[in-house]
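Reading through the structure tokens given below for one structure.
The values are calculated or read from the model by the stated rules, or taken from the named source; none is laboratory data. This one's a predicted model, so the numbers in the text were calculated from it and none came from an experiment. We place every Cβ from the backbone using ideal geometry, glycine too, and count neighbours over all the protein chains shown. Remember, those area values only see protein heavy atoms, side chains included, never the ligands or the DNA or RNA. Shrake-Rupley method; radii C 1.70, N 1.55, O 1.52, S 1.80 Å.
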Amino acid sequence: MKLVDLFNDFLNDTVNLNQTRVTDLEKSIEAIKGAVKGSDWRPKIQSWAPQGSWAHKTIIKPVDQGEFDADLLVFVHPVDGWEAADYIEELYDAFRENGTYKDKVKRWSHCVTITYANDRKIDVAPCVVNRVGTRLEVCNRVQNEFERSEPIQYTDWLTEKNGYSGSNSFRKVTRLIKYLRDIKTRFTCSSVLLTTMLGYRISSADKDSEAFADTPTALKTVFGRLDDWLQANNAKPTVSNPFLLDENFAEGWTDDQYSNFRDKIHAYREWIDEAYDEEDRNESIAKWRRVFGDEFAGSVDIDEGKSISKMAVAKLKESVSAAALFAGDLVDAVKSYGPRALPVGFNKRPYMKAPKWKKAKTGTFPIYVRAALYQSKGYNKLRDVQPLEPVPAGRWLEFSAVTSQGLPPSTQEFSVEWRVTNTDEAAFAARALRGDFYPSQGGQTRFEALEYRGVHLVEAFVIRKRDDALVAQSEAFRVLIE
């Protein structure tokens, strides 16, 4: 499911750099310009221009709430007698002589960096104009060399790609993929390399195409094309600057880093396709969260986790005439009217974690959940329990995974993971909404404490150990705690 509105909220609330920080960045840029102009730095300044993700409008909020980076180019005329390193060294000295920046500045190979603690870093890079013909050149301080650059043309190229995608889709997709990179931390890929590879996946033929109808569709399209291209290249390919073909952005990648990137993109492509194609809204949310983490559709947890009783009872009153005057909660409704009191789709909550295992193509079998009530964990079994049979808070349930023969799957061949999902106001009030996976605690069983009034869900997932494939998934066992 596309969930366009939830994607818009996710971008605005979580991924995009917030407007306050953008405003502060713009103020800092103007102050830096003023400081350089008022200094003794000798080069004659022609102009200034943003560079990198700030210029490309693909900058994102740091996932750890730490510092973000912005790049600023200062275009200057050449100074007679200066070597490449002089432009950096002298700019560094100019900032060191300024009381505002002397403790904030560092120098690197191609720029000086102003650091605003716990908020942002601004890289100021000199770009020399017309030193040789009409060339633009950045300065490598370490190698003391001038290096040809085409920053304006590169930015224009990305702007063109964004125009082909429509509705700012290329920029949104790039931000989403950079966010995925930063929260997963499972692959290495610089922003310029990533952005360039994505840019090459879009052409003029995409203008007004249904493949870019909205943000999630554009994400599916671009990610799929990226994966297809990577799968066609077993060895690390060249990723050229579109205007400086001898500049290979992939040069810094090791073969192992490329191979890992290729594998991870392939896995995430499958997750994105599954989330997009899933027709159940709550299940789709869970699958998108497998891609982007729990921040995606975060408000849905609050709405649906807290108010399931109210929503279910309201629907019950609409559909069952005898329930018109019913005044209880969901537990009371199930006790009075049975399973029909539960709303359609109850077994799929949006805050459930999606399975992380690939579904096995062969060797699958059915699995069932059985439950037994205990006085305490592992002691004094009281009775077997059926789904939706009322059980008292303060006791324990032991859940067992069994095959159609009534036996547990072999512990040598299989492991069993349990998805435990809490619902309703009591769990929400205790900040105990759950939907994660937990291991078995001996054999193929798991004990769970009975704490919060409501109807909760327990499912068994059987994973084949030799290939980490999902071979069985049970129906949800519905636990009714009084």
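For region 460-475, residues that are under 30 Å from Gly394 (Cα atoms), open to solvent by 10 Å² or more (accessible area, probe 1.4 Å) and either touching a helix residue (DSSP H, G or I) at 6+ places or on another chain (Cβ under 9 Å) or not polar (S, T, N, Q) (or both) total 1.
Among the numbered conditions (1) touching a residue at least 12 places away in the same chain (Cβ under 8 Å); (2) assigned to a loop (DSSP other than H, G, I, E, B); (3) within 22 Å of Val462 (Cα to Cα), the only one that Leu433 does not meet is (3).
Scanning region 120-136 for residues that are of a type in the set (D, E, K, R) and either free of Cβ contacts under 8 Å to residues at least 24 places away in the same chain or touching a helix residue (DSSP H, G or I) at 6+ places or on another chain (Cβ under 7 Å) (or both) turns up Arg120, Arg135. With respect to the conditions (1) closer than 17 Å to Glu145 by Cα; (2) among the β-branched types (Val, Ile, Thr); (3) crowded, with 18+ Cβ neighbours inside 10 Å, Ile60 lacks only one, and its number is (1). Check Leu219 against each of (1) within 25 Å of the chain's Cα centre (by Cα); (2) open to solvent by 10 Å² or more (accessible area, probe 1.4 Å) and name the one condition it does not meet. Result: Leu219 passes all but (2). All conditions in (1) touching a helix residue (DSSP H, G or I) at 6+ places or on another chain (Cβ under 9 Å); (2) more than 26 Å from Phe261 (Cα to Cα); (3) in contact (Cβ under 8 Å) with a residue 12 or more places away in the chain hold for Glu160, with the sole exception of (3). Residues of region 81-104 that are assigned to a loop (DSSP other than H, G, I, E, B) and within 16 Å of Arg131 (Cα to Cα): Gly81, Trp82, Glu83. Can you name every residue in region 163-209 that is touching a residue at least 60 places away in the same chain (Cβ under 8 Å), within 27 Å of Asp13 (Cβ to Cβ), in a helix (DSSP H, G or I) and open to solvent by less than 20 Å² (accessible area, probe 1.4 Å)? Within region 163-209, Thr174, Leu176, Lys178, Tyr179, Leu180, Thr195 meet the criteria. Scanning region 113-131 for residues that are at pLDDT 95 or above and open to solvent by 60 Å² or more (accessible area, probe 1.4 Å) turns up Lys121, Asn130, Arg131.
Output the residues belonging to region 66-112 that are of a type in the set (Val, Ile, Thr), under 22 Å from Glu147 (Cα atoms) and either surrounded by fewer than 16 Cβ atoms within 10 Å (Cβ to Cβ) or more than 40 Å from the chain's Cα centre (by Cα) (or both).
Of everything in region 66-112, just one residue is of a type in the set (Val, Ile, Thr), under 22 Å from Glu147 (Cα atoms) and either surrounded by fewer than 16 Cβ atoms within 10 Å (Cβ to Cβ) or more than 40 Å from the chain's Cα centre (by Cα) (or both), namely Val79.
Any idea how many residues of region 317-352 are of a type in the set (Ser, Thr, Tyr), open to solvent by less than 80 Å² (accessible area, probe 1.4 Å) and out of contact with any Gly (no Cβ under 8 Å at 6 or more places or on another chain)?
1
Count of region 222-242 residues, restricted to those that are open to solvent by 20 Å² or more (accessible area, probe 1.4 Å) and either at pLDDT below 95 or more than 22 Å from Arg135 (Cβ to Cβ) (or both), is 10. Tallying residues that are open to solvent by less than 30 Å² (accessible area, probe 1.4 Å) and modelled with pLDDT of 85 or more within region 428-439 yields 1. For region 392-430, which positions are in a strand (DSSP E or B) and of a type in the set (Val, Ile, Thr)? Result: Val402, Val416, Val420, Thr421.
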